[in-house]
Amino acid sequence: FRHFIEARCEGKEQILELFANTALEICEGQQYDVNFERRCEVTESEYMEMIRLKTSVLLACAAKAGALAAGASPKDAGTLYRFAEKMGLAFQVQDDWLDVYGDTKVFGKKIGGKKTYLLINALNRADAADKQRLLALLADSEMPAGEKIAAVTHIYDALGISQLTLQTIDNLYKEALASLDALALPAERIAPLRQYAGSLLGRKS
């Protein structure tokens, strides 16, 4: 980082401002995450903003900084920021899904009181009885992990939470790819970005 500061780089001032703003946003996102653990009600929009600040802006910062350092136009740099921001959101929501539905041998399975996209939407969709049951399960520290995971997953399945989450991931992925169409670059130059987006979510296309 020190060598970067000392170097003469086109767009250096914009990059340094980007770094500073991103650092502040990440701290803000982390504080939201901590606050959410103490709140019973968290909306989906609040959660998405939290993961945008905590996770997505870091990926977006890297994409935009690289573009500016390479001499890209402000418009293209902004487009790459939005692309990476959407990919960061898709990645984090997928991470939430994998915690519950992923291969145990690869990802493990963990369900706790931490707010996730799945839990927030389950609480929003559940009737009073299911909501009470779900909160009781999450608060039960004595129940064996496997039994708790199975019980919570059963509620999620009944509420269609897996399908909802996968659709959200797919929508974010498509929005990210669509933003690349605005880049003033030939298709072969954009192809690696499309491939990277697919690899980030474990997709082949």
For the pair residue 31 and residue 150, the simple spin-label estimate (label points 7 Å beyond Cα toward Cβ) gives in nm 4.4 nm
In this structure, the FRET efficiency calculated for residue 163 and residue 95 from their beta-carbon separation, with R0 = 22 Å, to the nearest 0.05, is 0.80
The correct pair for the stretch 119-165, radius of gyration to one decimal and Dmax as a whole number, both in Å and from Cα atoms, is 10.3, 30
Once phi for every residue in the stretch 56-69 is put through the Karplus expression 6.51 cos²θ - 1.76 cosθ + 1.60 (θ = phi - 60°), the whole-Hz ³J(HN,Hα) values, with Gly and Pro written as x, are 5, 5, 5, 5, 5, 4, 4, 5, 6, 4, x, 5, 5, 5
Here, the stretch 52-205 modelled as identical Cα point scatterers in vacuum has Debye log10 I(q)/I(0) at q = 0.10, 0.11, 0.15 Å⁻¹ of -0.45, -0.53, -0.81
The percentage of the accessible area of the stretch 5-76 (probe 1.4 Å, all protein chains present) made up of carbon and sulfur atoms, to the nearest whole number, is 56 percent
Quick calc, the chain, dipole around Cα centre from Cβ unit charges on Lys, Arg (+) and Asp, Glu (-), nearest 20 debye, gives 420 debye
Over the stretch 74-205, with neighbouring protein chains present, the accessible area per residue in Å² at probe 1.4 Å is 53 Å²
Expressed in angstrom and rounded, the centroid-to-centroid distance over alpha carbons for the stretch 9-51 and the stretch 163-205 is 23 Å
Taking the stretch 155-205, the equivalent ellipsoid from its C-alpha gyration tensor has semi-axes in Å, biggest first, of 29, 11, 5
Pseudo-spin-label distance residue 199 to residue 24, built 7 Å along Cα→Cβ, given in nm, is 3.4 nm
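The values are calculated or read from the model by the stated rules, or taken from the named source; none is laboratory data. All of these numbers come straight from a predicted model, not from anything done at the bench. Glycine gets a Cβ as well: all are built from the backbone with ideal geometry, and neighbour counts include every protein chain shown. What goes into the accessible areas is simple: the full protein's heavy atoms, side chains included, and nothing from ligands, DNA or RNA. Shrake-Rupley method; radii C 1.70, N 1.55, O 1.52, S 1.80 Å.
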